[in-house]
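What follows is one structure encoded as structure tokens, with my remarks underneath.
The values are calculated or read from the model by the stated rules, or taken from the named source; none is laboratory data. Keep in mind the model is a prediction, meaning the values are calculated, not measured. Note that we place each Cβ from the backbone using ideal geometry, even for glycine, and neighbour counts take in every protein chain shown.
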Amino acid sequence: MLNNIDLHLLPLIKNTPSVLGYRGRFAPSPTGVLHFGSLIAAVGSYLEAKSHGGEWLVRIEDLDKPREVAASSYKILRSLETLGMEWDHEVIYQDQRKDIYEDVLTMLNRRGLIYPCTCTRKEISSSSIAGISGQIYAGTCRNNVQNDDRLGAVRIKTNSNVIEFEDTLYGLINQNLQNEIGDFVLRRSDKIYAYQLAVVVDDSEQGITHVVRGADLLDSTPRQIYLQKLLGYTTPTYMHLPVAVNSHGEKLSKQTKAAHLDVSNPVKQLIGAVNFLGQEPPTELVGESVMSFWKWAFINWNPRKIHKKRTIKFQPNKV
Ligand code: GLU
Ligand code: ZN
């Protein structure tokens, strides 16, 4: 593994000023082992962090227990190690942080910003229209007098102000939450805290300055910025990366039966990942060590080469 001296010299080698206080992260959900799709987010966020002389944290997003696959967080972490990716600070697990999310909900409730929603799935589908991210909730329960948040799901009130942000890769993105998303869920009726809430609380608490992740989450970012504003948090810089899709245009994931990442040849996988991200690793790297790969990658990483398409077909043979 590269030692610290190498990493600290990096800004000098690249002749760029070290951006003090860059802190990135990789936040996998333990719904299966690492596959090529999640490797892209891991490698992209790692290279961005390290090429800025920054820190890279790993957070396990394990709130959705019904979807969790036993031992997968352990396996993901071991794969990252085999791939030579070192995280700074201890790994945090969202499942251990539920009290914090509850406190945030309590605070939002005191401010009258959330409400319980007891609509059934059927009621929601008959009263809503399809949006970019599921059904646009019609706000049926917004004005219920009964304000007992132990009932049903908990939703946050949205408004029609347009949320705008500059994505490092895709440029200006804007969204009108009320029209395009609707009041969204912060705690599901099965009492599981929603990703949108937990990710915002944790990115803030962990002092994340730069979020690098798949473009499938571009549409979630305005919701997260909205929550950050309500909670008085700083909004990090966002850079989304193209998502690897199969020949049917589906995101590589456990659901689409994406092949497990074979880390018996880690360099081959890493080369596949940087290739996907538009970089041009020399063919000789294939036979080299993981350490030599990262040395090459730290020096040659150029995010301007990443294709600006939201999805890219992944051809396993191109590796
Ligand atoms: N846990 C999310 C996922 O695996 C990623 C969350 C994020 O990077 O914000 O898709
Ligand atoms: Zn409702």
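Might you check whether a residue that is among the β-branched types (Val, Ile, Thr), at pLDDT below 95, within 12 Å of ligand 2 (Cβ to nearest atom) and surrounded by fewer than 17 Cβ atoms within 10 Å (Cβ to Cβ) occurs anywhere in region 103-121? Within region 103-121, one or more residues are among the β-branched types (Val, Ile, Thr), at pLDDT below 95, within 12 Å of ligand 2 (Cβ to nearest atom) and surrounded by fewer than 17 Cβ atoms within 10 Å (Cβ to Cβ). When we screen SER51, SER45 for residues that are within 14 Å of ligand 1 (Cβ to nearest atom), closer than 26 Å to PRO242 by Cα and of a type in the set (Gly, Ala, Ser), the only hit is SER45. Taken as a whole, the structure places GLY207 among residues that are within 16 Å of ligand 1 (Cβ to nearest atom) and in a loop (DSSP other than H, G, I, E, B).
Anything in region 231-246 that is in contact (Cβ under 8 Å) with a residue 24 or more places away in the chain and not in a strand (DSSP E or B)? List them, or say none.
Pass one, region 231-246, residues in contact (Cβ under 8 Å) with a residue 24 or more places away in the chain: 231, 233-246.
LEU231, TYR233, THR234, THR235, PRO236, PRO242, ASN246, listed by residue number.
Restricting the search to helices (runs of 4 or more DSSP H) fully inside region 31-119 and requiring at least 3 residues that are among the aliphatic types (A, V, I, L, M) and within 26 Å of GLY21 (Cβ to Cβ) gives 36-51. Within region 122-132, restricting attention to residues that are of a type in the set (A, V, I, L, M, F, W, C) and either touching a Pro at 6+ places or on another chain (Cβ under 9 Å) or part of a strand (DSSP E or B) (or both), the residue that is farthest from ligand 2 (Cβ to nearest atom) is ALA130.
With respect to TYR74, is the statement that it is within 13 Å of ligand 1 (Cβ to nearest atom) and free of Cβ contacts under 8 Å to residues at least 60 places away in the same chain true?
On the way: within 13 Å of ligand 1 (Cβ to nearest atom): no; free of Cβ contacts under 8 Å to residues at least 60 places away in the same chain: yes.
So TYR74 does not fit the description; no.
Could you check, for region 284-306, whether at least one of its residues is of a type in the set (Gly, Ala, Ser), part of a helix (DSSP H, G or I), buried (at least 16 other Cβ atoms within 10 Å of the Cβ) and under 18 Å from the mean Cα position of the chain (by Cα)? No, the conditions are met nowhere in region 284-306. The set of residues in region 170-204 that are more than 16 Å from the chain's Cα centre (by Cα), under 30 Å from GLU90 (Cβ atoms), among the aliphatic types (A, V, I, L, M) and part of a loop (DSSP other than H, G, I, E, B) contains only ILE192. Go through (1) of a type outside the set (S, T, N, Q); (2) in contact with an Asp or Glu (Cβ under 9 Å, 6 or more places away or on another chain); (3) touching a residue at least 24 places away in the same chain (Cβ under 8 Å) one by one and return the number of the condition LEU172 breaks. In the conditions (1) of a type outside the set (S, T, N, Q); (2) in contact with an Asp or Glu (Cβ under 9 Å, 6 or more places away or on another chain); (3) touching a residue at least 24 places away in the same chain (Cβ under 8 Å), LEU172 misses (3) alone. ASP262 passes all but one of (1) buried (at least 16 other Cβ atoms within 10 Å of the Cβ); (2) assigned to a loop (DSSP other than H, G, I, E, B); which number fails? Of everything listed in (1) buried (at least 16 other Cβ atoms within 10 Å of the Cβ); (2) assigned to a loop (DSSP other than H, G, I, E, B), ASP262 misses just condition (1). Residues being in contact (Cβ under 8 Å) with a residue 40 or more places away in the chain and either part of a strand (DSSP E or B) or buried (at least 18 other Cβ atoms within 10 Å of the Cβ) (or both): count how many of those fall in region 221-230. Number satisfying all stated conditions: 6.
Report every pair of residues separated by at least 6 positions or lying on different chains whose Cβ atoms are under 8 Å apart, first residue within region 21-38 and touching a residue at least 24 places away in the same chain (Cβ under 8 Å), second near ligand 1 (Cβ under 7 Å from one of its atoms) and among the β-branched types (Val, Ile, Thr). Partner pairs satisfying both residue conditions: GLY24/VAL211; ARG25/VAL211; ALA27/VAL199.
The conditions of being closer than 27 Å to LYS229 by Cα, in a strand (DSSP E or B) and either within 16 Å of ligand 2 (Cβ to nearest atom) or among the polar types (S, T, N, Q) (or both) are met by GLN135.
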